[in-house]
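What follows is a single structure, written as structure tokens, with notes after it.
The values are calculated or read from the model by the stated rules, or taken from the named source; none is laboratory data. Quantities reported herein were computed from a predicted structural model and do not represent experimental measurements. Note that each Cβ is placed from the backbone with ideal geometry, even for glycine, and that neighbours are counted across all protein chains shown.
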Number of protein chains: 2
Amino acid sequence: MAEAARTTRIPLVERVLEANDEVAAANRAQLERRGIFSVDLIGAPGSGKTALLEATLRALRGRRQPAVLVGDLATRRDGDRLARWCDQVVQISTGQGCHLEANQVRDALAEIDLDAVDLLFIENVGNLICPVGFDLGQSAKVGLFSTAEGEDKAAKHPYLVEAADLILLNKVDLLPYLAFDRSFFEADVRLLNPRVPILGVSATTGEGLEAWLAWLERAARSGLPASTD
Amino acid sequence: MAEAARTTRIPLVERVLEANDEVAAANRAQLERRGIFSVDLIGAPGSGKTALLEATLRALRGRRQPAVLVGDLATRRDGDRLARWCDQVVQISTGQGCHLEANQVRDALAEIDLDAVDLLFIENVGNLICPVGFDLGQSAKVGLFSTAEGEDKAAKHPYLVEAADLILLNKVDLLPYLAFDRSFFEADVRLLNPRVPILGVSATTGEGLEAWLAWLERAARSGLPASTD
């Protein structure tokens with residue numbers, strides 16, 4: 001019975017992904033036409049996606065015109081936090097949905113004054129697995145890990161690491177209190193994605209923030225090859 | 001187009017869940033017939049599921065006959081860690097699968113000598129969302145959060161909190177280094193599940209471990225009402 005369900009699932013998943021890809025392509029075309037660089041930020045619950053974006057938005061004030069879409073199962077807490085630093089924030093409530101989909105991004109973009117935006121952050125639902133397969137139309141995928149999660153998390157989430165244009169290792173301020181060997185983490189990343197930049201950051205202390213902002217500026221300027229997988 | 005995909009998805013998901021429920025019921029019947037108490041341990045990547053089970057298995061040596069099923073997208077690392085403390089460990093590789101399903105548990109149970117087991121831990125895939133909806137046939141669902149994830153994670157994952165028979169808050173040893181207000185976390189849990197026990201633990205220092213072991217013993221003795229949602 002379970003096996004039967006399994007065999008019927010594959011074609012449907014493919015249809016869902018195809019439909020998603022069409023909407024993602026339209027999102028991407030719209031954003032590129034307007035010269036808006038966009039980041040799909042993917043990390044586990046509590047990896048510090050919102051805290052990193054708070055610090056980023058604060059630093060970008062007066063330098064960039066950002067907007068943020070933020071996905072959560074429930075609560076508006078992240079959206080409220082980010083709205084302190086950015087005029088254009090849309091909270092997407094996914095209910096039981098474990099990732100954002102391109103049509104949610106399309107609908108959220110319709111609520112934004114895109115003429116006043118040159119940088120778009122999409123904070124995906126806290127999840128290292130499901131968001132990876134759904135193209136949203138972003139320019140770049142950023143995988144965010146936290147030192148508190150342990151040094152083995154890159155190897156255990158190969159699809160995110162392979163698809164990422166940048167790997168951020170957050171909460172480096174906690175390293176003195178953790179058994180976390182950064183060289184293990186980085187070696188696992190390198191096996192999966194030899195060329196991806198890896199930046200250590202702390203959204204709390206601000207360590208590494210300048211390197212992350214510099215990456216963003218460079219990527220936005222060069223029009224980083226759009227990630228489409 | 002995306003909307004069309006959305007409408008066709010619901011009945012299929014229901015069929016998958018029905019098929020899963022049938023297998024889960026058979027798993028549950030098998031485990032109950034043998035008097036094996038079983039725990040489905042659900043937590044985010046890096047919340048400390050494996051570390052908690054290592055400490056638990058070490059403490060239970062000579063007192064209980066445990067077995068462990070452990071789900072991961074990739075690598076055998078968790079299984080290898082747990083096998084140091086337990087003779088009967090089965091690693092379930094889910095590939096891109098974001099949660100365990102009942103048929104994977106059924107197949108893994110067939111690899112175990114159940115005559116030599118009286119306690120079964122199922123370490124689900126690191127994910128706070130998808131594992132919640134899939135009954136595995138367990139006696140109890142335990143939701144594991146980590147202090148490093150932030151005090152807002154219960155409110156943001158209401159389905160897990162509502163379904164949990166026990167909430168564990170791991171990494172309490174890191175509290176001095178974090179902005180984490182335990183009363184906020186506990187108030188959010190209480191709103192969603194007023195009677196669920198909440199235990200603070202540290203897999204690293206052993207703090208709170210005795211209370212967790214006592215809960216396990218009590219639940220196993222009393223045959224805690226099986227969680228079926």
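Taking the conditions exactly as written (within 13 Å of chain B (Cβ to nearest Cβ) and surrounded by 23 or more Cβ atoms within 10 Å (Cβ to Cβ)), does A:ALA74 satisfy them or not?
Answer is no for this residue.
Name the residues in segment B:138-170 that are part of a loop (DSSP other than H, G, I, E, B), among the small types (Gly, Ala, Ser), surrounded by 22 or more Cβ atoms within 10 Å (Cβ to Cβ) and in contact with a Ser or Thr (Cβ under 7 Å, 6 or more places away or on another chain), would you?
B:SER139
Are there any pairs, at least 6 apart or on different chains, whose C-beta atoms fall under 7 Å, with the first in segment B:84-109 and within 18 Å of B:ASN27 (Cα to Cα) and within 9 Å of chain A (Cβ to nearest Cβ) and the second of a type in the set (Asp, Glu) and part of a loop (DSSP other than H, G, I, E, B), and if so, which?
Once the first residue is within 18 Å of B:ASN27 (Cα to Cα) and within 9 Å of chain A (Cβ to nearest Cβ) and sits in segment B:84-109, its partners that are of a type in the set (Asp, Glu) and part of a loop (DSSP other than H, G, I, E, B) give B:ALA102/B:ASP135.
So if I check each of A:ILE42, A:ILE10, which one is at pLDDT below 95 and either outside any loop (DSSP other than H, G, I, E, B) or aliphatic (A, V, I, L, M) (or both)?
Only one candidate qualifies: A:ILE10.
So B:GLY206 fits all but one of (1) assigned to a loop (DSSP other than H, G, I, E, B); (2) within 16 Å of B:VAL39 (Cα to Cα); (3) touching a residue at least 40 places away in the same chain (Cβ under 8 Å); (4) more than 12 Å from chain A (Cβ to nearest Cβ); what number is the exception?
Just one mismatch for B:GLY206, condition (2).
Considering only segment A:112-125, I want to know if a residue exists there that is part of a helix (DSSP H, G or I), within 16 Å of A:ALA26 (Cα to Cα) and modelled with pLDDT of 95 or more.
Yes, segment A:112-125 contains a residue that is part of a helix (DSSP H, G or I), within 16 Å of A:ALA26 (Cα to Cα) and modelled with pLDDT of 95 or more.
Condition check: over 24 Å from B:TRP215 (Cα atoms) and modelled with pLDDT of 95 or more. Does B:GLN104 satisfy that?
yes
Output the residue which, of all residues in segment B:110-124 that are among the hydrophobic types (A, V, I, L, M, F, W, C) and surrounded by fewer than 24 Cβ atoms within 10 Å (Cβ to Cβ), is farthest from the other protein chains (Cβ to nearest Cβ).
So the residue we want is B:ALA116.
Determine if segment B:146-165 includes at least one residue that is at pLDDT 95 or above and at positive phi.
Within segment B:146-165, one or more residues are at pLDDT 95 or above and at positive phi.
Return yes or no: is A:LEU199 away from chain B (no Cβ under 14 Å) and touching a residue at least 40 places away in the same chain (Cβ under 8 Å)?
no
When only residues in segment A:126-137 that are modelled with pLDDT of 95 or more and small (Gly, Ala, Ser) count, which is surrounded by the fewest Cβ atoms within 10 Å (Cβ to Cβ)?
The selected residue is A:GLY137.
Count, please, the residues in segment A:45-80 that happen to be over 17 Å from A:THR205 (Cα atoms) and either among the aliphatic types (A, V, I, L, M) or in a loop (DSSP other than H, G, I, E, B) (or both).
Number of matching residues: 14.
Is it fair to say B:LEU160 is in contact (Cβ under 8 Å) with a residue 40 or more places away in the chain and either more than 10 Å from chain A (Cβ to nearest Cβ) or out of contact with any strand residue (DSSP E or B) (no Cβ under 7 Å at 6 or more places or on another chain) (or both)?
No: the conditions fail for B:LEU160.
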